[in-house]
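The values are calculated or read from the model by the stated rules, or taken from the named source; none is laboratory data. Computed from a prediction, not measured in an experiment: that's the story for all the values here. With ideal geometry, Cβ positions are generated from the backbone for all residues, glycine too; neighbour counts draw on all protein chains shown.
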Amino acid sequence: MDSIVTSLIEKARAAQRHYETYDQAAVDAVVTAAGWAIMQPERNRILAEMAVRDTGLGVVADKVTKNHRKTLGLLRDLKGAKSVGVIAEYPELGIVEIARPVGVVAAITPSTNPGATPANKIINALKGRNAVIIAPSPKGASTCAALLGFISAELEKLGAPAGLVQMLPAPITKEATHALMRQADLVVATGSQANVRAAYASGTPAFGVGAGNVAAIIDSSANLADAAAAIARSKTFDNATSCSSENSVVILDSIYDAAMAELAKAGGVLLDATEKSLLQATMWHGGKLNPQTTAQSTAMISMLAGLTRPETANAAFLMVSETGAGPACPFSGEKLAPVMAVYRARDFDHACRIVADIYAFQGAGHSVSIHSADDEHILRLGLELPVSRVIVNQIHCYATGGNFDNGLPFSLSMGCGTWGRNNFSDNMNYRHYLNITRISRKIPPREPALEEIFGEHFRKYGK
(Lines give C-alpha, C1' and ligand atoms only; values in the text may rest on other atoms or scores of the structure.)
Protein backbone atom coordinates (compact mmCIF):
# COMPACT_ATOMS: atom_id res chain seq x y z
CA MET A 1 0.00 0.00 0.00
CA ASP A 2 2.87 2.39 0.76
CA SER A 3 4.13 1.96 -2.80
CA ILE A 4 0.75 2.94 -4.28
CA VAL A 5 0.62 6.04 -2.10
CA THR A 6 4.23 6.85 -2.95
CA SER A 7 3.34 6.76 -6.64
CA LEU A 8 0.49 9.21 -6.05
CA ILE A 9 2.77 11.48 -4.03
CA GLU A 10 5.46 11.48 -6.74
CA LYS A 11 2.91 12.38 -9.40
CA ALA A 12 1.53 15.13 -7.16
CA ARG A 13 4.98 16.55 -6.48
CA ALA A 14 5.78 16.74 -10.18
CA ALA A 15 2.51 18.52 -10.87
CA GLN A 16 2.97 20.87 -7.94
CA ARG A 17 6.47 21.88 -9.02
CA HIS A 18 5.07 22.98 -12.35
CA TYR A 19 2.00 24.63 -10.82
CA GLU A 20 4.23 26.56 -8.43
CA THR A 21 5.45 28.62 -11.40
CA TYR A 22 1.95 29.98 -12.11
CA ASP A 23 1.26 33.66 -11.51
CA GLN A 24 -1.76 34.89 -9.56
CA ALA A 25 -4.02 35.23 -12.59
CA ALA A 26 -3.28 31.69 -13.73
CA VAL A 27 -3.83 30.31 -10.23
CA ASP A 28 -7.14 32.12 -9.95
CA ALA A 29 -8.24 30.65 -13.28
CA VAL A 30 -7.51 27.16 -11.92
CA VAL A 31 -9.44 27.94 -8.72
CA THR A 32 -12.45 29.19 -10.66
CA ALA A 33 -12.44 26.13 -12.91
CA ALA A 34 -12.36 23.80 -9.90
CA GLY A 35 -15.28 25.67 -8.39
CA TRP A 36 -17.36 25.45 -11.55
CA ALA A 37 -16.72 21.70 -11.63
CA ILE A 38 -19.06 21.23 -8.65
CA MET A 39 -21.32 24.27 -9.10
CA GLN A 40 -22.42 23.58 -12.67
CA PRO A 41 -26.07 22.67 -11.96
CA GLU A 42 -26.21 19.31 -13.75
CA ARG A 43 -22.98 18.10 -12.13
CA ASN A 44 -24.07 19.45 -8.75
CA ARG A 45 -27.29 17.42 -8.98
CA ILE A 46 -25.40 14.28 -10.01
CA LEU A 47 -23.03 14.60 -7.04
CA ALA A 48 -25.86 15.27 -4.58
CA GLU A 49 -27.89 12.30 -5.77
CA MET A 50 -24.84 10.03 -5.73
CA ALA A 51 -23.91 11.18 -2.22
CA VAL A 52 -27.32 10.32 -0.76
CA ARG A 53 -27.58 7.07 -2.72
CA ASP A 54 -24.16 5.74 -1.76
CA THR A 55 -23.83 7.03 1.80
CA GLY A 56 -27.49 6.76 2.79
CA LEU A 57 -27.09 10.13 4.53
CA GLY A 58 -28.88 13.43 4.10
CA VAL A 59 -31.27 15.02 1.60
CA VAL A 60 -30.54 15.53 -2.10
CA ALA A 61 -32.04 19.03 -2.34
CA ASP A 62 -30.08 20.21 0.69
CA LYS A 63 -26.84 18.76 -0.66
CA VAL A 64 -27.44 20.63 -3.92
CA THR A 65 -27.86 23.80 -1.86
CA LYS A 66 -24.76 23.05 0.20
CA ASN A 67 -22.58 22.28 -2.82
CA HIS A 68 -23.69 25.53 -4.45
CA ARG A 69 -23.66 27.96 -1.52
CA LYS A 70 -20.50 26.73 0.17
CA THR A 71 -18.53 26.74 -3.08
CA LEU A 72 -19.88 30.09 -4.26
CA GLY A 73 -19.13 31.64 -0.88
CA LEU A 74 -15.60 30.25 -0.90
CA LEU A 75 -14.98 31.62 -4.38
CA ARG A 76 -16.27 34.99 -3.19
CA ASP A 77 -13.78 34.92 -0.31
CA LEU A 78 -10.92 33.98 -2.62
CA LYS A 79 -11.66 36.49 -5.36
CA GLY A 80 -8.93 39.11 -5.22
CA ALA A 81 -7.11 37.42 -2.32
CA LYS A 82 -3.34 37.32 -2.85
CA SER A 83 -1.70 33.92 -2.62
CA VAL A 84 1.24 34.28 -5.03
CA GLY A 85 4.36 36.37 -4.52
CA VAL A 86 4.22 39.41 -2.26
CA ILE A 87 0.95 39.38 -0.35
CA ALA A 88 1.58 42.09 2.26
CA GLU A 89 4.03 44.89 3.06
CA TYR A 90 4.51 46.64 6.40
CA PRO A 91 6.97 49.50 5.79
CA GLU A 92 6.85 50.66 9.41
CA LEU A 93 8.07 47.20 10.46
CA GLY A 94 10.40 46.63 7.52
CA ILE A 95 8.48 43.42 6.75
CA VAL A 96 7.44 42.01 3.39
CA GLU A 97 5.36 38.80 3.33
CA ILE A 98 5.60 36.33 0.47
CA ALA A 99 3.18 33.44 -0.06
CA ARG A 100 4.73 30.04 -0.70
CA PRO A 101 3.06 26.66 -1.25
CA VAL A 102 3.04 23.98 1.42
CA GLY A 103 3.49 21.26 -1.23
CA VAL A 104 1.29 18.16 -1.31
CA VAL A 105 -1.82 18.30 0.86
CA ALA A 106 -3.49 15.16 2.22
CA ALA A 107 -7.18 16.00 2.65
CA ILE A 108 -9.21 13.66 4.84
CA THR A 109 -12.94 14.06 4.19
CA PRO A 110 -16.16 12.64 5.75
CA SER A 111 -19.12 10.69 4.40
CA THR A 112 -21.54 13.39 5.59
CA ASN A 113 -20.37 15.86 2.92
CA PRO A 114 -18.65 13.77 0.22
CA GLY A 115 -18.94 16.52 -2.40
CA ALA A 116 -18.83 19.89 -0.65
CA THR A 117 -15.97 19.17 1.77
CA PRO A 118 -13.51 17.74 -0.79
CA ALA A 119 -14.33 20.62 -3.15
CA ASN A 120 -13.68 23.16 -0.40
CA LYS A 121 -10.31 21.64 0.45
CA ILE A 122 -9.27 21.22 -3.17
CA ILE A 123 -10.08 24.85 -4.01
CA ASN A 124 -8.25 26.20 -0.95
CA ALA A 125 -5.22 23.99 -1.70
CA LEU A 126 -5.14 25.10 -5.33
CA LYS A 127 -5.33 28.75 -4.28
CA GLY A 128 -1.99 28.22 -2.55
CA ARG A 129 -0.38 26.50 -5.61
CA ASN A 130 -0.44 23.13 -3.91
CA ALA A 131 -1.27 19.66 -5.13
CA VAL A 132 -3.90 17.74 -3.17
CA ILE A 133 -4.71 14.08 -2.64
CA ILE A 134 -8.10 13.25 -1.12
CA ALA A 135 -8.65 10.39 1.31
CA PRO A 136 -12.46 10.16 1.33
CA SER A 137 -14.54 8.03 3.62
CA PRO A 138 -15.26 4.63 2.04
CA LYS A 139 -18.95 5.49 1.66
CA GLY A 140 -18.12 8.82 0.06
CA ALA A 141 -15.48 7.49 -2.33
CA SER A 142 -17.79 7.20 -5.34
CA THR A 143 -18.98 10.80 -4.99
CA CYS A 144 -15.42 12.01 -4.52
CA ALA A 145 -14.27 10.11 -7.61
CA ALA A 146 -17.04 11.70 -9.68
CA LEU A 147 -16.12 15.14 -8.34
CA LEU A 148 -12.47 14.62 -9.23
CA GLY A 149 -13.48 13.54 -12.72
CA PHE A 150 -15.38 16.80 -13.16
CA ILE A 151 -12.47 18.84 -11.76
CA SER A 152 -9.90 17.08 -13.95
CA ALA A 153 -11.99 17.78 -17.05
CA GLU A 154 -12.19 21.48 -16.16
CA LEU A 155 -8.49 21.75 -15.34
CA GLU A 156 -7.55 19.99 -18.57
CA LYS A 157 -9.21 22.84 -20.48
CA LEU A 158 -6.68 25.20 -18.87
CA GLY A 159 -3.69 22.93 -19.50
CA ALA A 160 -3.11 22.47 -15.77
CA PRO A 161 -0.64 19.68 -14.95
CA ALA A 162 -2.06 16.19 -14.55
CA GLY A 163 -1.77 14.89 -11.00
CA LEU A 164 -2.58 18.21 -9.35
CA VAL A 165 -5.77 16.77 -7.85
CA GLN A 166 -5.93 13.05 -7.02
CA MET A 167 -7.55 10.65 -4.57
CA LEU A 168 -6.69 7.34 -2.99
CA PRO A 169 -7.82 4.41 -5.13
CA ALA A 170 -10.75 2.27 -4.00
CA PRO A 171 -11.16 0.43 -1.76
CA ILE A 172 -10.30 3.17 0.74
CA THR A 173 -8.50 1.69 3.74
CA LYS A 174 -7.14 3.03 7.01
CA GLU A 175 -3.69 1.79 6.00
CA ALA A 176 -3.71 3.80 2.78
CA THR A 177 -5.05 6.89 4.54
CA HIS A 178 -2.36 6.66 7.21
CA ALA A 179 0.35 6.14 4.58
CA LEU A 180 -0.88 9.23 2.73
CA MET A 181 -0.80 11.30 5.91
CA ARG A 182 2.77 10.20 6.63
CA GLN A 183 4.07 11.04 3.14
CA ALA A 184 2.28 14.34 2.48
CA ASP A 185 3.55 17.79 3.45
CA LEU A 186 0.36 18.89 5.23
CA VAL A 187 -2.72 17.04 6.49
CA VAL A 188 -6.13 18.71 6.71
CA ALA A 189 -8.55 16.35 8.46
CA THR A 190 -12.31 16.70 8.75
CA GLY A 191 -14.59 13.95 10.00
CA SER A 192 -14.31 11.44 12.79
CA GLN A 193 -12.20 12.23 15.81
CA ALA A 194 -10.29 8.99 15.12
CA ASN A 195 -9.13 10.46 11.81
CA VAL A 196 -8.26 13.77 13.42
CA ARG A 197 -6.20 12.06 16.13
CA ALA A 198 -4.47 9.95 13.47
CA ALA A 199 -3.64 13.12 11.53
CA TYR A 200 -2.04 14.70 14.58
CA ALA A 201 -0.12 11.49 15.26
CA SER A 202 1.07 11.05 11.67
CA GLY A 203 4.29 13.02 12.13
CA THR A 204 3.17 15.43 9.39
CA PRO A 205 2.01 18.97 10.18
CA ALA A 206 -1.76 18.78 10.50
CA PHE A 207 -4.93 20.80 10.92
CA GLY A 208 -7.78 18.81 12.44
CA VAL A 209 -11.19 19.86 13.66
CA GLY A 210 -13.02 19.14 16.90
CA ALA A 211 -16.34 17.45 17.56
CA GLY A 212 -19.55 19.39 17.12
CA ASN A 213 -22.40 19.43 19.62
CA VAL A 214 -23.97 22.85 19.24
CA ALA A 215 -26.23 24.25 21.92
CA ALA A 216 -28.56 27.18 21.30
CA ILE A 217 -29.81 29.58 23.94
CA ILE A 218 -33.19 31.27 23.51
CA ASP A 219 -32.90 34.36 25.70
CA SER A 220 -35.82 36.21 27.28
CA SER A 221 -35.34 39.10 24.82
CA ALA A 222 -35.41 36.89 21.70
CA ASN A 223 -37.86 37.19 18.87
CA LEU A 224 -39.35 33.75 19.53
CA ALA A 225 -40.87 33.14 16.11
CA ASP A 226 -37.61 34.05 14.36
CA ALA A 227 -35.57 31.96 16.79
CA ALA A 228 -37.78 28.89 16.32
CA ALA A 229 -37.71 29.22 12.53
CA ALA A 230 -33.91 29.54 12.49
CA ILE A 231 -33.42 26.57 14.82
CA ALA A 232 -35.85 24.43 12.83
CA ARG A 233 -34.09 25.18 9.54
CA SER A 234 -30.68 24.47 11.03
CA LYS A 235 -31.81 21.31 12.81
CA THR A 236 -33.44 19.81 9.69
CA PHE A 237 -31.01 20.89 6.95
CA ASP A 238 -29.62 17.77 5.23
CA ASN A 239 -31.08 15.69 8.07
CA ALA A 240 -28.59 17.26 10.52
CA THR A 241 -25.43 15.93 8.86
CA SER A 242 -23.68 19.20 9.74
CA CYS A 243 -21.49 19.44 12.84
CA SER A 244 -23.03 22.91 13.16
CA SER A 245 -26.60 21.71 13.54
CA GLU A 246 -28.12 22.36 16.98
CA ASN A 247 -28.17 19.35 19.28
CA SER A 248 -29.62 21.13 22.32
CA VAL A 249 -31.72 24.21 22.94
CA VAL A 250 -31.64 25.96 26.33
CA ILE A 251 -34.71 28.11 26.97
CA LEU A 252 -35.10 30.61 29.78
CA ASP A 253 -37.96 29.85 32.13
CA SER A 254 -39.71 33.17 31.61
CA ILE A 255 -40.36 32.43 27.94
CA TYR A 256 -40.22 28.62 27.98
CA ASP A 257 -43.87 27.87 27.19
CA ALA A 258 -44.07 30.51 24.48
CA ALA A 259 -40.80 29.35 22.90
CA MET A 260 -41.91 25.70 22.93
CA ALA A 261 -45.13 26.74 21.23
CA GLU A 262 -43.14 28.44 18.48
CA LEU A 263 -40.86 25.39 18.08
CA ALA A 264 -44.01 23.28 17.70
CA LYS A 265 -45.30 25.66 15.02
CA ALA A 266 -41.93 25.24 13.26
CA GLY A 267 -42.46 21.48 13.11
CA GLY A 268 -40.99 20.20 16.37
CA VAL A 269 -42.69 17.44 18.34
CA LEU A 270 -41.88 16.92 22.03
CA LEU A 271 -41.71 13.26 23.05
CA ASP A 272 -43.12 11.96 26.30
CA ALA A 273 -41.01 9.96 28.77
CA THR A 274 -41.91 6.58 27.25
CA GLU A 275 -41.15 7.77 23.72
CA LYS A 276 -37.87 9.26 24.90
CA SER A 277 -36.82 5.90 26.37
CA LEU A 278 -37.68 4.08 23.14
CA LEU A 279 -35.75 6.61 21.10
CA GLN A 280 -32.71 6.48 23.39
CA ALA A 281 -32.59 2.68 23.18
CA THR A 282 -32.67 2.93 19.40
CA MET A 283 -30.18 5.76 18.90
CA TRP A 284 -27.45 4.46 21.21
CA HIS A 285 -26.11 0.93 21.39
CA GLY A 286 -23.46 0.30 24.00
CA GLY A 287 -22.94 4.02 24.47
CA LYS A 288 -22.29 4.62 20.75
CA LEU A 289 -24.56 6.25 18.20
CA ASN A 290 -26.44 3.77 16.05
CA PRO A 291 -25.45 4.50 12.43
CA GLN A 292 -28.93 3.45 11.32
CA THR A 293 -30.33 6.71 12.72
CA THR A 294 -27.57 9.01 11.47
CA ALA A 295 -28.86 11.67 9.06
CA GLN A 296 -32.20 9.94 8.64
CA SER A 297 -35.65 11.49 8.48
CA THR A 298 -37.94 11.65 11.49
CA ALA A 299 -40.21 9.16 9.75
CA MET A 300 -37.40 6.61 9.52
CA ILE A 301 -36.19 7.27 13.07
CA SER A 302 -39.73 7.00 14.44
CA MET A 303 -40.20 3.69 12.67
CA LEU A 304 -36.90 2.30 13.96
CA ALA A 305 -37.75 3.42 17.50
CA GLY A 306 -41.29 2.08 17.42
CA LEU A 307 -42.87 5.51 17.98
CA THR A 308 -46.54 5.10 17.10
CA ARG A 309 -47.88 8.63 17.41
CA PRO A 310 -48.54 9.92 13.87
CA GLU A 311 -47.12 13.31 14.87
CA THR A 312 -43.62 11.88 15.33
CA ALA A 313 -43.33 10.47 11.81
CA ASN A 314 -44.63 13.74 10.34
CA ALA A 315 -42.46 15.99 12.52
CA ALA A 316 -39.77 18.20 11.05
CA PHE A 317 -37.67 17.35 14.12
CA LEU A 318 -38.10 15.53 17.43
CA MET A 319 -37.50 17.06 20.87
CA VAL A 320 -36.80 15.42 24.23
CA SER A 321 -36.75 17.10 27.62
CA GLU A 322 -33.38 16.86 29.35
CA THR A 323 -31.90 18.10 32.61
CA GLY A 324 -28.39 16.63 32.78
CA ALA A 325 -25.28 16.21 30.66
CA GLY A 326 -22.76 13.44 30.26
CA PRO A 327 -22.70 9.73 29.40
CA ALA A 328 -25.75 9.02 31.55
CA CYS A 329 -27.68 11.58 29.48
CA PRO A 330 -26.83 10.65 25.88
CA PHE A 331 -29.26 13.17 24.41
CA SER A 332 -26.89 15.86 25.72
CA GLY A 333 -24.36 14.77 23.06
CA GLU A 334 -24.16 15.01 19.30
CA LYS A 335 -26.91 13.09 17.54
CA LEU A 336 -26.35 13.71 13.79
CA ALA A 337 -30.10 13.41 13.32
CA PRO A 338 -33.16 15.72 13.47
CA VAL A 339 -33.42 15.14 17.22
CA MET A 340 -32.84 17.89 19.80
CA ALA A 341 -32.61 17.98 23.59
CA VAL A 342 -34.52 20.77 25.34
CA TYR A 343 -33.37 22.31 28.64
CA ARG A 344 -35.28 24.74 30.86
CA ALA A 345 -33.03 27.33 32.52
CA ARG A 346 -34.04 29.40 35.56
CA ASP A 347 -32.22 32.46 34.26
CA PHE A 348 -29.34 33.41 31.97
CA ASP A 349 -26.67 32.40 34.50
CA HIS A 350 -28.26 28.96 34.70
CA ALA A 351 -28.43 28.77 30.89
CA CYS A 352 -24.68 29.44 30.68
CA ARG A 353 -23.99 26.71 33.26
CA ILE A 354 -26.11 24.22 31.33
CA VAL A 355 -24.22 24.91 28.12
CA ALA A 356 -20.88 24.70 29.92
CA ASP A 357 -21.90 21.29 31.31
CA ILE A 358 -22.91 20.09 27.84
CA TYR A 359 -19.57 21.18 26.39
CA ALA A 360 -17.66 19.60 29.25
CA PHE A 361 -19.18 16.36 27.95
CA GLN A 362 -18.90 16.99 24.21
CA GLY A 363 -18.45 19.82 21.72
CA ALA A 364 -16.08 22.15 23.55
CA GLY A 365 -14.47 24.75 21.31
CA HIS A 366 -16.88 24.56 18.39
CA SER A 367 -19.64 27.18 18.70
CA VAL A 368 -22.72 28.30 20.54
CA SER A 369 -25.89 29.86 19.19
CA ILE A 370 -27.86 32.60 20.92
CA HIS A 371 -31.15 34.24 20.03
CA SER A 372 -31.20 37.48 21.97
CA ALA A 373 -31.40 41.26 21.80
CA ASP A 374 -29.19 41.64 24.89
CA ASP A 375 -25.65 42.62 23.87
CA GLU A 376 -24.34 42.01 27.38
CA HIS A 377 -25.57 38.43 27.35
CA ILE A 378 -24.14 37.88 23.87
CA LEU A 379 -20.72 39.19 24.92
CA ARG A 380 -20.75 37.01 28.05
CA LEU A 381 -20.86 33.88 25.93
CA GLY A 382 -17.72 34.95 24.10
CA LEU A 383 -15.97 35.85 27.34
CA GLU A 384 -16.97 32.80 29.39
CA LEU A 385 -17.86 29.74 27.32
CA PRO A 386 -15.27 27.43 25.72
CA VAL A 387 -16.27 28.25 22.14
CA SER A 388 -14.54 29.61 19.05
CA ARG A 389 -17.71 31.16 17.61
CA VAL A 390 -20.83 32.82 19.04
CA ILE A 391 -23.56 32.83 16.40
CA VAL A 392 -26.15 35.54 17.04
CA ASN A 393 -29.73 35.39 15.71
CA GLN A 394 -28.83 33.24 12.71
CA ILE A 395 -29.46 29.82 11.16
CA HIS A 396 -26.57 28.18 12.93
CA CYS A 397 -25.61 25.45 10.45
CA TYR A 398 -25.45 28.06 7.68
CA ALA A 399 -23.71 30.75 9.72
CA THR A 400 -20.92 28.87 11.48
CA GLY A 401 -19.16 27.90 8.27
CA GLY A 402 -19.61 31.37 6.78
CA ASN A 403 -22.69 32.82 5.15
CA PHE A 404 -23.43 35.65 2.77
CA ASP A 405 -24.81 37.74 5.64
CA ASN A 406 -21.93 37.33 8.09
CA GLY A 407 -18.18 37.87 8.02
CA LEU A 408 -16.91 34.36 8.82
CA PRO A 409 -14.90 32.65 6.07
CA PHE A 410 -16.82 30.05 4.09
CA SER A 411 -15.59 26.66 5.23
CA LEU A 412 -16.72 23.15 6.06
CA SER A 413 -13.90 22.65 8.57
CA MET A 414 -14.08 24.60 11.83
CA GLY A 415 -11.13 24.68 14.18
CA CYS A 416 -12.10 24.35 17.84
CA GLY A 417 -8.97 25.63 19.57
CA THR A 418 -7.35 23.86 22.46
CA TRP A 419 -10.81 23.37 23.99
CA GLY A 420 -11.48 20.89 21.17
CA ARG A 421 -7.84 19.69 21.15
CA ASN A 422 -7.12 21.55 17.90
CA ASN A 423 -4.19 23.79 17.05
CA PHE A 424 -6.36 26.53 15.53
CA SER A 425 -9.71 28.18 16.23
CA ASP A 426 -10.47 29.71 12.83
CA ASN A 427 -12.68 28.55 10.02
CA MET A 428 -10.14 26.71 7.87
CA ASN A 429 -9.34 28.89 4.87
CA TYR A 430 -6.75 29.35 2.12
CA ARG A 431 -4.17 30.90 4.45
CA HIS A 432 -3.90 27.58 6.30
CA TYR A 433 -2.62 26.12 3.02
CA LEU A 434 0.27 28.60 2.71
CA ASN A 435 3.79 28.96 3.98
CA ILE A 436 4.69 32.61 4.55
CA THR A 437 8.23 33.84 3.97
CA ARG A 438 9.06 37.17 5.60
CA ILE A 439 11.73 39.57 4.37
CA SER A 440 12.95 41.76 7.23
CA ARG A 441 14.81 45.04 6.68
CA LYS A 442 16.37 47.39 9.21
CA ILE A 443 14.11 50.08 10.62
CA PRO A 444 14.86 52.91 13.08
CA PRO A 445 15.57 51.40 16.51
CA ARG A 446 12.60 51.14 18.86
CA GLU A 447 14.37 50.22 22.11
CA PRO A 448 12.24 51.48 25.02
CA ALA A 449 13.57 53.11 28.18
CA LEU A 450 13.23 51.09 31.37
CA GLU A 451 10.80 53.68 32.70
CA GLU A 452 8.50 53.10 29.74
CA ILE A 453 8.23 49.42 30.54
CA PHE A 454 8.68 49.23 34.30
CA GLY A 455 7.67 52.71 35.52
CA GLU A 456 4.19 51.76 36.69
CA HIS A 457 5.53 48.58 38.28
CA PHE A 458 8.27 50.47 40.16
CA ARG A 459 5.77 53.07 41.44
CA LYS A 460 3.46 50.38 42.77
CA TYR A 461 5.92 47.82 44.06
CA GLY A 462 9.35 49.47 44.14
CA LYS A 463 12.54 48.31 42.50
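Within the bounds of the range 371-383, is there any residue that is within 34 Å of the chain's Cα centre (by Cα), part of a loop (DSSP other than H, G, I, E, B) and either surrounded by fewer than 21 Cβ atoms within 10 Å (Cβ to Cβ) or of a type in the set (Lys, Arg) (or both)? Within the range 371-383 (the criterion being within 34 Å of the chain's Cα centre (by Cα), part of a loop (DSSP other than H, G, I, E, B) and either surrounded by fewer than 21 Cβ atoms within 10 Å (Cβ to Cβ) or of a type in the set (Lys, Arg) (or both)), the answer is yes, since at least one residue qualifies.
For the range 177-270, the helices (runs of 4 or more DSSP H) that sit wholly inside it and include 1 or more residues that are under 18 Å from the mean Cα position of the chain (by Cα) are 193-200, 224-236. Tell me, yes or no, whether the range 220-236 has at least one residue that is modelled with pLDDT under 95 and touching a strand residue (DSSP E or B) at 6+ places or on another chain (Cβ under 7 Å). The answer is no, given that none of the residues of the range 220-236 is modelled with pLDDT under 95 and touching a strand residue (DSSP E or B) at 6+ places or on another chain (Cβ under 7 Å). For the range 239-286, the candidate set comprises residues that are in contact with a Pro (Cβ under 8 Å, 6 or more places away or on another chain) and of a type outside the set (A, V, I, L, M, F, W, C); within that set, the residue that is nearest to PRO338 (Cα to Cα) is ASN239. Being β-branched (Val, Ile, Thr), touching a residue at least 40 places away in the same chain (Cβ under 8 Å) and not in a strand (DSSP E or B) is true for just one of ILE436, ILE443, ILE453. Which residue is that? Only one candidate qualifies: ILE443. Does LEU434 count as modelled with pLDDT under 95 and under 22 Å from ALA106 (Cβ atoms)? No. Filter the range 413-433 down to the residues that are of a type in the set (Ser, Thr, Tyr), assigned to a loop (DSSP other than H, G, I, E, B) and under 23 Å from GLY115 (Cα atoms) and list them by number. The answer is SER413, and nothing else.
So that you can scan it fast, the table gives a plain yes or no per residue for (1) closer than 23 Å to PHE237 by Cβ; (2) surrounded by 15 or more Cβ atoms within 10 Å (Cβ to Cβ); (3) under 24 Å from the mean Cα position of the chain (by Cα); (4) at pLDDT 95 or above:
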| site | (1), (2), (3), (4) |
| --- | --- |
| ASP2 | no, no, no, no |
| ALA15 | no, yes, no, yes |
| THR21 | no, no, no, yes |
| GLN24 | no, yes, no, yes |
| VAL31 | no, yes, yes, yes |
| MET39 | yes, yes, yes, yes |
| ALA48 | yes, yes, yes, yes |
| ARG53 | yes, no, yes, yes |
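Just one of the listed residues (GLY128, GLY94, GLY73) is surrounded by 24 or more Cβ atoms within 10 Å (Cβ to Cβ) and touching a residue at least 60 places away in the same chain (Cβ under 8 Å), and it is GLY128. I'm trying to understand the selection: among the residues of the range 272-331, which are among the hydrophobic types (A, V, I, L, M, F, W, C) and in a loop (DSSP other than H, G, I, E, B)? Within the range 272-331, ALA295, LEU307, ALA315, ALA316, ALA325, ALA328 meet the criteria.
Yes/no matrix, rows are residues, columns are (1) of a type in the set (Gly, Ala, Ser); (2) at pLDDT 95 or above; (3) farther than 21 Å from ASP28 by Cβ:
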site: ALA106; (1), (2), (3): yes, yes, yes
site: GLY128; (1), (2), (3): yes, yes, no
site: LEU147; (1), (2), (3): no, yes, no
site: ILE151; (1), (2), (3): no, yes, no
site: GLY163; (1), (2), (3): yes, yes, no
site: LEU168; (1), (2), (3): no, yes, yes
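Look at (1) on the phi < 0 side of the Ramachandran plot; (2) free of Cβ contacts under 8 Å to residues at least 12 places away in the same chain and you find that ALA145 fails only one, number (2). Of all residues in the range 371-380, those satisfying the criterion of being touching a helix residue (DSSP H, G or I) at 6+ places or on another chain (Cβ under 9 Å) and under 15 Å from ALA227 (Cβ atoms) are HIS371, SER372, ASP374, HIS377.
Quick grid of which residues meet (1) touching an Asp or Glu at 6+ places or on another chain (Cβ under 9 Å); (2) buried (at least 23 other Cβ atoms within 10 Å of the Cβ); (3) at positive phi:
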| position | (1), (2), (3) |
| --- | --- |
| GLY363 | yes, yes, yes |
| CYS397 | yes, yes, no |
| GLY401 | no, yes, no |
| ASN406 | no, no, no |
| SER413 | no, yes, no |
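Just to be sure before I move on: is ALA99 crowded, with 22+ Cβ neighbours inside 10 Å, within 17 Å of the chain's Cα centre (by Cα) and at pLDDT 95 or above in the structure I sent? No, not satisfied. Of the residues making up the range 279-332, those that are farther than 29 Å from ASP253 by Cβ and exposed (fewer than 15 other Cβ atoms within 10 Å of the Cβ) are ALA281, HIS285, GLY286, GLY287, LYS288, PRO291, GLN292, ALA299, GLY306, THR308, PRO310, ASN314. Checking the stated criteria, ALA106 turns out not to satisfy the condition of being assigned to a helix (DSSP H, G or I) and over 30 Å from PRO445 (Cβ atoms). All conditions in (1) under 22 Å from the mean Cα position of the chain (by Cα); (2) crowded, with 19+ Cβ neighbours inside 10 Å; (3) outside any helix (DSSP H, G or I) hold for GLY163, with the sole exception of (1). Counting the residues of the range 184-197 that are crowded, with 20+ Cβ neighbours inside 10 Å and either small (Gly, Ala, Ser) or out of contact with any Leu (no Cβ under 7 Å at 6 or more places or on another chain) (or both) gives 8.
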